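Before any comments, here is the structure.
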Amino acid sequence: MRKIHCCRFSILFRILLISFIILTTFTFIKQEIFKPNNCHGLEQDSSVPSSSIPSRYLLIPYREFAYRTSISCNAYKFDEPNKDLSRLHPKYSQYLRGEFPYVIPYTNITYEDVENFYKRKLNKNQRAMRQISFASNIQFENIPYKYENGMWSPIGVTSAQRTVILVPLQGRDYNAKAFLLNMHAFARRQLLTYLIVIIEQVYPINSRFNKGRLYNAGIRYIQENQEKLNITCFILHDVDLIPENDGNFYSCDSKHPKHTTLRIRKLNSTRGYSRFYEFLIGGALVLTFDMYRRVNGFSNLFWGWGGEDDDLALRFIQRRMCVVRPSSDLAHYIALPHPSGQSNNARFKLLTWSTVRLDTDGYNQIGSMTRIVHIISTSTVLHLKIDVDANHLYYKSASIGNFQLIYKKTYADLTTTRELVTRSVTKKSTSM
């Protein structure tokens, strides 16, 4: 009887010991994974979503994480600026009409056509632009504007912000011209002081698109010319999207990045609008330079279509940042037709360790990777032509090998820890 009792006690003790070890290990891992980040001394934001990524790398499949994670600020209200003609917010523009009458130009449109269209001196009494050879049914209003020191600005008022609209491009020439034709009219409805910059990837020839490097290179150029431009608001914009409502304000929020692309419909499509997963921040993103620098901009490693926007979203969450969004009744776009880009099959592997390389892969590292091949500057566009592989390491980023080693070492450490725990439990059980 005593022997049976001792055996039962030994089994019970082993179960309790194993349970204690498992609970302790789980608690330690949980604390390490969700340990608060001091964000380099920046104040924590209470409006950040409760869900968060691990402090170093993802432990679950990326798709599962993206589809179940919110990046929106909770219960956040937009800034309510006062009406001030010396710092005019777009909401007080007298030219807001609601629906924006976008124009689909003919395929024969040229950059010179867009330039001449907006430089033409119109009679003050002429309300709408007149008929032209490269488009029909144009209903843009003739809003008093001037071009000075590289920027367009409204006459009679001073905009609250100085805005640059950055548009990465590779091969979509028609889309770029259609975008310019419409975006100038849209920006003027909101009485923005603005500049449109096209960042075109021209080298290496036949290389895959690298949107991250283009944005990093474009913003670096703007920062190098800040003494002249004094940009206070950056808009990262896809070339094929045209906003459909002028109540979708292209202005920076004082505290958070703003994502303005909630619904998209394809031109001439009968399927209506599409809404994408809530984690997505691609399309049109509005933020200050400090916000961009805080996450070290875009990754430089994404070649081909897909992944770079989600990588940026992971950076936001890692830095305890959330995004604000306008109403879906305002934040909708028309998508111009374009050929599909070559997808990036490696994107999900890269996204697994996005937060590991945040500080070593991005805006601060773009210097040697790109070079400006040619600059075309007109009143309607600043056109930067970029070599995105200036250091001749195409598809072979100097640091990707280090990231792979980090990933393998981390996995090996986890395996070793698990084996040590198992051996310890087995040894103690045997000794009993």
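Quick note: the coordinates plus some simple rules give every number you see, no bench work behind them. For clarity, every value in this text was computed on a predicted model and none was experimentally measured. Note that each Cβ is placed from the backbone with ideal geometry, even for glycine, and that neighbours are counted across all protein chains shown.
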**Study point:** Virtual spin-label span in nm between N364 and W305, 7 Å along Cα→Cβ
**Key:** 3.4 nm
Point to revise | Inter-label distance for K83 and E112, nm, one decimal - labels placed 7 Å from Cα along Cα-to-Cβ | key: 4.5 nm
Exercise for review: From zero up to wherever the largest Cα-Cα distance of region 310-354 sits, split into 10 Å bins and tell me the percent of pairs in each.
Suggested key: 20, 28, 40, 12
Review point. Given H placed 1.01 Å from N in the peptide plane, which residues other than close sequence neighbours of S72 have an amide H under 5 Å from its amide H?
Key: V323
Check your understanding: Where q = 0.06, 0.10, 0.11, 0.12 Å⁻¹, what log10 of I(q)/I(0) comes from the Debye formula for region 34-398, counting one point per Cα?
Key -> -0.21, -0.62, -0.75, -0.91
Check your understanding: Taking H as built 1.01 Å from N, whose amide H comes closer than 5 Å to the amide H of V373, not counting residues under 5 places away?
Key -> K385, I386, D387
Exercise for review: Classify region 199-257 as rounded, prolate or oblate, taking a ≥ b ≥ c as the square roots of the eigenvalues of its Cα gyration tensor: rounded when a/c is under 1.5, otherwise prolate if a/b is larger than b/c and oblate if not.
Suggested key: oblate
Revision key, fill the gap. Per the 1/(1 + (r/R0)^6) rule, R0 = 41 Å and r from the Cβ atoms of D290 and I372, FRET efficiency to 0.05 is 0.95
Exercise for review: With only Lys, Arg, Asp and Glu charged, each at its Cβ (+1 for the first two, -1 for the last two), find how big the charge dipole of region 34-398 is about the Cα centre; round to the nearest 20 debye.
Suggested key: 240 debye
Revision key, fill the gap. Final fewest-first order of L180, L384, L393 on the 10 Å Cβ neighbour count is L393, L384, L180
Exercise for review: Mind checking the full-extension length gain between N206 and S136? Use 0.36 nm per residue of separation minus the Cα-Cα distance, one decimal, nm.
Suggested key: 21.7 nm
Practice item. Could you rank the peptides 101-110, 264-273 by their average count of other C-beta atoms within 10 Å per residue, with the highest value first? Key: 101-110, 264-273
Check your understanding: Taking amide hydrogens as modeled 1.01 Å from N in the peptide plane, which residues meet the under 5 Å criterion relative to I196, leaving out close sequence neighbours?
Key -> I165, L382
Point to revise | Distance (nanometres) between label positions extended 7 Å along Cα→Cβ at I15 and K119 | key: 8.6 nm
